[in-house]
Amino acid sequence: MDRTGLINSLLNAVVNIDGGRKGFATDGKEHEGRLSYEYGISTAMTSFQEAQTTGDCETLIQVEQAFLEQELHFCHENDDITRNSLIQAIQDFEDALRCLKTVEVTALYQAAETTYSTTKYRIRGFPKDIFHQACDAHRTRLSNSLRTPGINMTEKAVIQQRMANMKTAAGYYIEKQKAALSGV
């Protein structure tokens, strides 16, 4: 499936997950809620797994960002903690996508690379720039979600897949850094 199809699939998944959660909380709608929730979780897992096989860090970031934007849309307006976390993650991914454009301009990235001189700001010899920082921060955010009591194992598996996608995106990005810094 192409990037647009993956994003559409995830948007529908979040709609179903949200509808399912609301169904759980409504007398007489529990069964429909369960079906909607399970369909949404299953669709999300399939989409995230497929995104991981694309070999494209931009797709992985855009898919995750679209999922977060949809979650933000369904987030209760009074849930400031969750809303702020989602907004920060979305902003981080916007920065990461800009960084991705920079790494594709070899001369520009070679100049930017010199600003990451200490080992603290390097990963496997390459700059630990905003792309890596966004992936790391999001993996931490997702890892914290795994500690929430009451999340079922299916949803935890989706969260673990999303964490794996961030690690994969960072790995693909290192290949882009390697190409930019070698002048290829």
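The values are calculated or read from the model by the stated rules, or taken from the named source; none is laboratory data. Computed from a predicted structure; not experimentally measured. Note that each Cβ is placed from the backbone with ideal geometry, even for glycine, and that neighbours are counted across all protein chains shown. Side chains are part of the model used for accessible areas, which takes the heavy atoms of the whole protein and leaves out ligands, DNA and RNA. Shrake-Rupley method; radii C 1.70, N 1.55, O 1.52, S 1.80 Å.
Counting only alpha carbon atoms, the long axis of helix 57-74 and the longest principal axis of the chain meet at about 40°.
For the chain, which longest stretch is free of loop sites, where a loop site is one of the GluC sites (Glu not before Pro) that DSSP puts outside H, G, I, E and B and that has at most 13 other Cβ atoms within 10 Å? Between the exposed loop sites, the longest stretch runs 105-184. Whole angstrom only: what separates the Cα centroid of the range 9-75 from the Cα centroid of the range 111-128? Spelled out, the Cα-based centre of one part sits 36 Å from the other. In the chain, the longest principal axis of the Cα atoms and the axis of helix 80-103 are about 30 degrees apart. Relative to the current alpha-carbon distance between Ser145 and Glu32, full extension at 0.36 nm per residue lengthens the span by 38.1 nm.
Cross-link check: pairs Lys22/Lys128; Lys22/Lys167; Lys156/Lys178; Lys101/Lys167; Lys22/Lys101; Lys120/Lys176 evaluated at a Cα-Cα cut-off of 30 Å; pairs beyond the cut-off: Lys22/Lys128; Lys22/Lys167; Lys156/Lys178; Lys22/Lys101. When only C-alpha pairs under 8 Å and at least 6 residues apart count, what is the relative contact order of the range 1-142, in percent? Rounded, it is 19 percent for the range 1-142.
When only Cα pairs below 8 angstrom with a gap of at least 6 residues are kept, the range 118-176 shows a relative contact order of 37 percent.
Accessible area per residue of the range 1-114 at 1.4 Å probe, in Å²?
53 Å²
Considering only alpha-carbon pairs that sit under 8 angstrom and 6 or more positions apart, the relative contact order computed for the range 73-167 is 24 percent. Close amide-amide hydrogen proximity is noted between Arg122 and Lys128, each under 5 Å apart and 5 or more residues distant or on a separate chain (H modeled in the peptide plane; Pro and chain starts excluded). The largest accessible area among Arg141, Arg98, Arg162 belongs to the first residue in Arg98, Arg141, Arg162, and the rest follow in falling order (1.4 Å probe, all chains).
Taking the helices alone, the chain has a mean residue ellipticity at 222 nm of -26500 deg cm²/dmol, built from -39,500 (n - 2.57) per DSSP H run of at least 4 residues and averaged over all its residues.
Taking only protein heavy atoms and a 1.4 Å probe, the accessible area of the range 1-159 is 52% carbon and sulfur. Net length available on complete extension from Ser182 to Asn78 is 32.5 nm, with 0.36 nm assigned per residue and the Cα-Cα distance removed. One entry in (i) 1.64; (ii) 1.13; (iii) 3.67 is Cα Rg over 2.2 N^0.38 Å calculated from the shown coordinates; its label is (ii).
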